[in-house]
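Quick note: the coordinates plus some simple rules give every number you see, no bench work behind them. Here the structure is a predicted model, which means the values were calculated and not measured. Cβ: placed from backbone, ideal geometry, glycine included. Neighbour counts: every protein chain shown.
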Amino acid sequence: MLEVRLLGANRMTNVSISLSDRVFVLTGAGISAESGLPTFRASDGLWAGHNVEEICTPEALRRNPALVWDFYSKRRADNQKANPNPAHIALAELEAQIPDRFFLCTQNVDDLHERAGSVNLVHMHGELAKSRCERECGRPPVEDHTVYKNLDEVGRCPCGGRLRPHIVFFGEIPLEMDRIQEEISRATLMLVIGTSGSVYPAAGFVHWARQGRARTVYIGPDQPLNGAAFTQIVLGKAGEVMPGLFQVESRAEHLTT
Ligand code: OAD
């Protein structure tokens with residue numbers, strides 16, 4: 001049965017994590033909103049005023065690489081100015097408590113989880129701070145923090161191909177899917193934070209978790225599109241509701257009960 005909790009200033013609830021739980025976390029743009037990074041689908045979000053097809057597809061990169069690089073260079077500049085917020089820190093602290101039973105999958109291309117201290121994580125939609133060969137010549141992505149002012153500044157791969165942002169465009173396959181599937185199949189608790197549930201395959205992860213009988217908890221200010229699939233919804237801003245939200249059972253507690 002779905003349990004919806006509205007968290008006001010003094011209303012406390014918690015998400016219990018037992019010694020036998022394995023936790024899979026999926027985050028989206030909402031977790032970085034309180035760090036000052038806009039989400040995609042809000043009325044003033046990143047896709048407002050932009051046609052996604054003009055920026056975030058392989059065709060867009062072929063047709064107008066300058067526009068694509070301009071968009072992602074601005075995202076790099078914003079990312080460099082932003083800092084992790086209490087929600088990123090709450091996840092890093094949770095991982096420190098249960099390092100062998102914690103896995104974080106983010107759709108975000110910013111590096112705020114790493115900077116908060118998260119270790120066991122994958123970026124399924126790529127990373128802003130990396131570039132790779134647009135010819136997909138097989139060389140791995142390289143670290144690249146440069147905010148390019150124009151296309152002529154963008155570097156080349158040793159094979160001669162121009163670098164492209166290491167971002168998964170619409171129509172491309174998300175990264176690390178085998179590992180993600182494996183981790184979901186082992187999870188007993190899935191936490192989903194700050195994502196609208198509108199982009200697949202990530203929006204379907206909650207269904208995979210339910211098939212494996214995991215508890216599924218959503219955290220964010222609005223019900224996501226796939227809200228019916230969650231066992232618990234905690235309504236509130238992630239940075240406000242996540243500190244103190246997790247009640248992790250310790251071995252000592254287990255022995256005395
Ligand atoms: P969306 O913009 O679709 O959704 C952001 C979600 O964050 C919404 O559900 C908001 O309610 C929620 N939100 C806003 N403020 C929040 C806060 N303070 N705390 C918690 N939640 C908050 O962003 P995503 O679902 O992440 O893909 O978008 C998924 C993918 O679509 C992105 O990874 C990106 C985009 O196109 C690529 O670029 C490949």
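Brief remarks on what is shown
- When segment 206-257 is reduced to its Cα atoms, the Kirkwood hydrodynamic radius in Å: 12.9 Å
- Computed about its Cα centre, the charge dipole of the chain is approximately 180 debye, with only Lys, Arg, Asp and Glu carrying charge at their Cβ.
- Kirkwood-based Rg to Rh ratio, segment 1-156, C-alpha trace: 1.02
- Segment 39-79: chymotrypsin sites (Phe, Trp or Tyr not before Pro) in DSSP coil with no more than 14 other Cβ atoms inside 10 Å: W47
- For the chain, share of DSSP beta bridges that run antiparallel, in % to the nearest 5: 20 percent
- Bridgeable lysines around K130 (alpha carbons under 20 Å apart, same-chain partners fewer than 8 residues away excluded): K74, K81, K149.
- Cα point-scatterer Debye curve for segment 29-111, base-10 log of I(q)/I(0) at q = 0.12, 0.17, 0.22, 0.23 Å⁻¹: -0.46, -0.80, -1.08, -1.13
- For peptides 185-197, 206-218, sequence by mean Cβ density within 10 Å, most packed first: 185-197, 206-218
- Radius ratio Rg over Rh of segment 74-140, counting only Cα atoms, Kirkwood formula for Rh: 1.04
- Dimensions of segment 134-257 along the principal axes, based on C-alpha atoms and rounded to the nearest Å, stand at 63, 30, 29, largest first.
- Placing a label point 7 Å from the Cα of A66 along the Cα-to-Cβ direction, the residues of segment 147-165 with a backbone N closer than 13 Å are 149-154.
- Cα Rg, Dmax, segment 160-209, angstrom units: 13.8, 47
- Proportion of all alpha-carbon pairs of segment 103-191 beyond 22 Å (%): 36 percent
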